[in-house]
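First comes the structure, then the notes that go with it.
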Amino acid sequence: MTAAPPTATHPEPDAARLPAPAIRLSGVTAGYGERVALEAVDMEVATGSLLAVVGPNGAGKSTLLKVMAGLLQPWRGEVETLGARPGRLAKRVAYVPQAEAVDWDFPVTVGDVVMMGRYPALGRFRRPGPADLRAVHDALGQVDMVEHRGTQIGRLSGGQRRRVFLARALAAEPELFLMDEPVTAIDATTQEELMDLLETVASGGRTVIATTHDLACAAARFQTVLAVNRRVIAHGPASLILDPRLLAETYGGHLLTLGGQTVVLDDAHHHEERPGQVHYHEEAPRRR
């Protein structure tokens, strides 16, 4: 009797060889004073992700980034950033807030601001060396701001300032970028150029997490999306942005569909019906 040939097997991937998540949150609740900003958040962000965080004003998007960066301690739950407690690996994390606390009249140049990204690695008494100067030059080149290196920071336009603060983050050569509204209130050309750069950063294995109010940008330019409104509504491919029911849940039902295709957000206190517009609320039927 001939023995049957052995059956081919496909072993499970070795978990030890898979990259650890860049971010892991488990049961995280956080807030300010007595106000809850995030509640029972569970999520993981894979290394190398280009993730858009979307949600209405006050949904906890900025709070989420601060918790990840270690700038705000959660009330409950556990957080891991690059496999450690937030703040432990601060040199490997670049946090770019929405509003920089900058005295625009202070006599500091673009080059000075970008060099600040190198300070954590320099230590207390080291002076910038050739490697630091190259990193600053390369970062300015990536955001097309080399010619403005000697310009006083307050003389720049809003879009140029965004480029400079992104260059500061790039100069730090981090593994994780946490960016609050990096493509908001800038012209379309600058937005596209910055998104091209963020895509390049992520394709190189680094992780980019950015909040945004621009749903079209989130759907077209990001790989994944996290919809939040104090809690996680959904986390998955960027195509989720195209689901009216998901958006209605995320934005509290204040959603309008024009002609069955274009989705825009309605003012929370404005309910005037217009021809061709349909309000999607929680119990609204799906348009066929």
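The values are calculated or read from the model by the stated rules, or taken from the named source; none is laboratory data. Predicted, not measured: the structure shown is a model, and the values here were computed from it. Note that we place each Cβ from the backbone using ideal geometry, even for glycine, and neighbour counts take in every protein chain shown.
The strands (runs of 3 or more DSSP E) falling completely within region 195-238 include none with 2 or more residues that are surrounded by fewer than 16 Cβ atoms within 10 Å (Cβ to Cβ), out of contact with any helix residue (DSSP H, G or I) (no Cβ under 6 Å at 6 or more places or on another chain) and at pLDDT below 95. Checking each residue in region 93-103 for being out of contact with any Ser or Thr (no Cβ under 9 Å at 6 or more places or on another chain) and not in a strand (DSSP E or B) picks out ALA99, GLU100, ALA101, VAL102, ASP103. Please work out if VAL93 is over 30 Å from LEU242 (Cα atoms), modelled with pLDDT of 95 or more, among the β-branched types (Val, Ile, Thr) and not assigned by TED's automatic domain parsing to the domain that holds GLU249. Yes.
Tell me yes or no: at least one residue of region 171-185 is closer than 24 Å to VAL225 by Cβ and of a type in the set (S, T, N, Q). So far as region 171-185 goes, yes, one or more of its residues are closer than 24 Å to VAL225 by Cβ and of a type in the set (S, T, N, Q). Going through (1) within 26 Å of the chain's Cα centre (by Cα); (2) surrounded by fewer than 15 Cβ atoms within 10 Å (Cβ to Cβ); (3) under 20 Å from LEU197 (Cα atoms) one by one, ARG134 falls short only on (1). Looking at the structure I just gave you, is LEU82 crowded, with 18+ Cβ neighbours inside 10 Å, of a type in the set (A, V, I, L, M) and more than 29 Å from HIS137 (Cα to Cα)? The answer is no for LEU82.
Against the numbered list (1) over 29 Å from LEU194 (Cβ atoms); (2) at pLDDT below 80, ARG245 comes up short only at (2).
If you go through region 49-79 and keep only what is assigned to a loop (DSSP other than H, G, I, E, B) and more than 16 Å from VAL225 (Cβ to Cβ), you end up with ASN57, GLY58, GLY70, LEU71, LEU72, GLN73, PRO74, TRP75.
On the given criteria, is PHE177 under 20 Å from SER203 (Cα atoms) and among the aromatic types (Phe, Trp, Tyr)? So PHE177 fits the description; yes.
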